[in-house]
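One structure is given below, encoded as structure tokens.
The values are calculated or read from the model by the stated rules, or taken from the named source; none is laboratory data. These numbers were taken from a predicted model, which means no experiment stands behind them. Positions of Cβ are backbone-derived with ideal geometry, glycine not excepted, and every protein chain shown enters the neighbour counts.
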Amino acid sequence: MSVSCGLAVVGLPVLALTGGAVAQEGTTADNSIVLDTVVITGRKRTEVEEKAPVSATIIGSEEIPASALDAGAAITRQAPNTNFIDYTRFGETFINIRGVSTLGSPLNSLDSTVGYSIDGVPTSVGGFAAPLLDVEQIEVLRGPQGTTFGRNALAGAVNVVNRHADGERELRVDTEVGSNGHAFIQGTAGGWLMPDTVAGRAAIRLQKYDGDIRNPFLGEHLGDAKLGAARGTLRFTPDDTLTIDVTGSYSRDERANPAYLRFDIPGFPISGEDVRPENERTISQGTITIRKEFDKFSFTSTTSYQDIGIYNYGDFTDAFIFGGAAGVPPEFMLNPLNDKIATKEDERIFTQEFRLNSADAADWQWVVGASYLHSDYNFDRVTGTDFFPTLNGVFDNDVVSDTYAAFGDVTVPLGEGWEVSGGLRVSRDRQTFDGNYVSNGYPGTLPFFTQSGEISDTYVTGRAALSYQWSDDVMSYGSIARGYSSGGFEKTGQYAPFGIASPPFRPARGWTYELGTKATVADRVMLRGAVFYNDISDGQLSGFDVSTLQVFMTNQDFRSYGVELGGSVELTDGLELVGGLGYTKSEMVHVTPQSMLPGAREGNAVPQVPEWTANIGLNYKLPGSTVGVSGDFAANVNYRYTGTRFSDLANLEKMDAYHIVNARIGWDSGKFGIHAFVNNLLDERPLSYSFNFAPDVKGVYVAGRGRVFGIGATMKW
């Protein structure tokens, strides 16, 4: 499909079906169905989604189960042209949108092309896809969002909107039990603590899963999980013009995820690690938001502090993989005292934002503000292996980052249905690196090595859009946006064993061009469509050099273009169809001799980018009165397709497409509900990475869990 053809098609107000949770339905007095207005806040102001000139998927709280263990996967599987990459270790998961991502894996905690925030507060790769708790909705915004969102939103942004204390009384308990030891319980409470002045809300969640990846050498199953999370918020409203929200949260997530698994082996997935892996992440966060209303504008101050701790330990020499590569029985490769890697990461993030917003009823809608982000990140790694020279010794590295920014965005009506909008953000980044390395005596490595460095950059991001309202129910828009992903220092100090200081990687920059249309038909059909083109310079690239067994870092230009369609339709009373379809074509361009070393070639596809993604869901509600009982029945089934994609820069390893099917059926009386569910009905094992260790030996990263059946109950008071 050519870009020009796609632009012509999307300009039409009539589009194909699809989308994610686009809207909720209501009814009028005569029982006709009316789609409710959907509001988004990810661009630092309240916008009606159907009027906003941006491609967005809005996911309601009911569309992601509260017991979802993998938030990143749950979100991306409902949004077209997104892909979740899970390297099974905390701090090494990320998203790409429309073919824009890190080329390889994140090089430090702030190396991301998709901004991820909770209630507008950005976090790092370490805090990415934290457990979802008491969520109101999730906003996936495609295309550069650096104008109001901030750093590293080159591909787009994900904003998780949690429930805040609003005085509404709620007291409920949700529980589930299922196969493979699945168990979940969550309690939620909310209401007025002081009538009309102080409201409170709290939620606590406990969950476990026993694992489903057999390890014959340890005599147990790996892939298990234990999760505990809590969140509390207070809202103080001394008068009608002042609101103060104080929020605190904590989560502890423990996994036992194996690293590589051998793909071409009977009984897959089966692990050959000789020690039990450990993956732990704790996240503590506190936020104070103050909002003051004036006659012509409002003032908002958001102050937040995050403390993120990550620990990963495991065996990177799976006996089935390395035994097969060496041509010896796997038992020959077992050595619990050697070939182990332990990594500890700690990050403290402080953010402050001040902003002014126009009054909601103003003709000109605008926002201006200033923000500051400080990240103090420490990376400690203790390694010892006979196979990878650079994975030997003790590494202790510190990366300190500061970003200052000022931004503004405005929407101006031109009359006759036309509207123009645009914004700019001016930012200043500074990052320092201090590294210390001590050898464990591996041949050819230095006894010790220290290094330090500093980089800084001032840059401008922005956007401009022109939209036309064909009628009250149909609008089209065109936009151009400038995106940016910060440069920095690679966190591991990969070359220190050889006395070589790690060079900084350059920032990535890009232009995105987009045309889109949004339409509502007969108050019961919602359609969305957009075409796009991305031109990215200096995308951050990491690869693996098989000749030296070293990770390789450089920058690489690439392009991508495509289309996404989305929407929902009420087929009959109580029966709703929702879905989304995305197509992305990507290619590397201007390949340099340096980036060719890890396999990049002119015209190669960008790794981890599926050409096709699709999701479709069918939701059915039946009043119990139609069958002579109280309450309501509900059933839904959701399907996600993720197409083939390459794991490597050379495009030698193509990973198969996969299909995820989840289903649920239940009954709710208003005070009590029960349900049955199945997750991953087809028992698929999505791959996040694939690499040939030998002609007939393929190692892979497996993301997520197999099929899980279960039942659950909800009680409300």
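Summary table
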read-out: Any hit, the range 87-97, residues being among the hydroxyl-bearing types (Ser, Thr, Tyr), surrounded by fewer than 24 Cβ atoms within 10 Å (Cβ to Cβ) and free of Cβ contacts under 8 Å to residues at least 40 places away in the same chain; value: yes
read-out: Every residue from the range 592-620 that is within 20 Å of VAL678 (Cβ to Cβ) and either polar (S, T, N, Q) or loosely packed, with under 15 Cβ neighbours inside 10 Å (or both); value: ASN615, ASN619
read-out: Within the range 11-69, tally of residues that are in a loop (DSSP other than H, G, I, E, B), over 18 Å from the mean Cα position of the chain (by Cα) and modelled with pLDDT under 50; value: 16
read-out: Restricting the range 518-540 to residues that are basic (Lys, Arg) and either more than 22 Å from the chain's Cα centre (by Cα) or over 29 Å from SER586 (Cα atoms) (or both), the residue that is surrounded by the most Cβ atoms within 10 Å (Cβ to Cβ); value: LYS518
read-out: Residue in the range 192-211 that is under 25 Å from ASP253 (Cβ atoms), surrounded by 20 or more Cβ atoms within 10 Å (Cβ to Cβ), among the aliphatic types (A, V, I, L, M) and free of Cβ contacts under 8 Å to residues at least 60 places away in the same chain present; value: no
read-out: Qualifying position, being surrounded by 16 or more Cβ atoms within 10 Å (Cβ to Cβ), modelled with pLDDT of 95 or more, of a type in the set (Ser, Thr, Tyr) and assigned to a strand (DSSP E or B), among SER375, SER301; value: SER375
read-out: Any hit, the range 417-436, residues being assigned to a loop (DSSP other than H, G, I, E, B) and either in contact with a Pro (Cβ under 6 Å, 6 or more places away or on another chain) or closer than 21 Å to ARG142 by Cβ (or both); value: no
read-out: Filtered residues of the range 695-709 (kept if at negative phi and under 28 Å from the mean Cα position of the chain (by Cα)); value: LYS698, GLY699, VAL700, TYR701, VAL702, ALA703, ARG705, GLY706, ARG707, VAL708, PHE709
read-out: ILE75, sole failed condition from (1) assigned to a helix (DSSP H, G or I); (2) surrounded by fewer than 22 Cβ atoms within 10 Å (Cβ to Cβ); value: (2)
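Each row is one residue, and each column tells you yes or no for (1) among the small types (Gly, Ala, Ser); (2) more than 23 Å from the chain's Cα centre (by Cα); (3) at pLDDT 95 or above; (4) part of a loop (DSSP other than H, G, I, E, B).
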residue: LEU652; (1), (2), (3), (4): no, yes, no, yes
residue: ILE660; (1), (2), (3), (4): no, no, yes, no
residue: ALA663; (1), (2), (3), (4): yes, no, yes, no
residue: GLY666; (1), (2), (3), (4): yes, yes, yes, no
residue: PHE677; (1), (2), (3), (4): no, yes, yes, no
residue: LEU682; (1), (2), (3), (4): no, yes, yes, yes
residue: ARG685; (1), (2), (3), (4): no, no, no, yes
residue: SER690; (1), (2), (3), (4): yes, no, no, no
residue: PHE693; (1), (2), (3), (4): no, yes, no, no
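Residue by residue, here is whether (1) more than 28 Å from HIS221 (Cβ to Cβ); (2) out of contact with any Asp or Glu (no Cβ under 9 Å at 6 or more places or on another chain); (3) surrounded by 16 or more Cβ atoms within 10 Å (Cβ to Cβ); (4) touching a residue at least 60 places away in the same chain (Cβ under 8 Å) holds:
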site: GLY643; (1), (2), (3), (4): yes, no, yes, no
site: VAL661; (1), (2), (3), (4): no, no, yes, no
site: GLY670; (1), (2), (3), (4): yes, no, no, no
site: LEU681; (1), (2), (3), (4): no, yes, yes, no
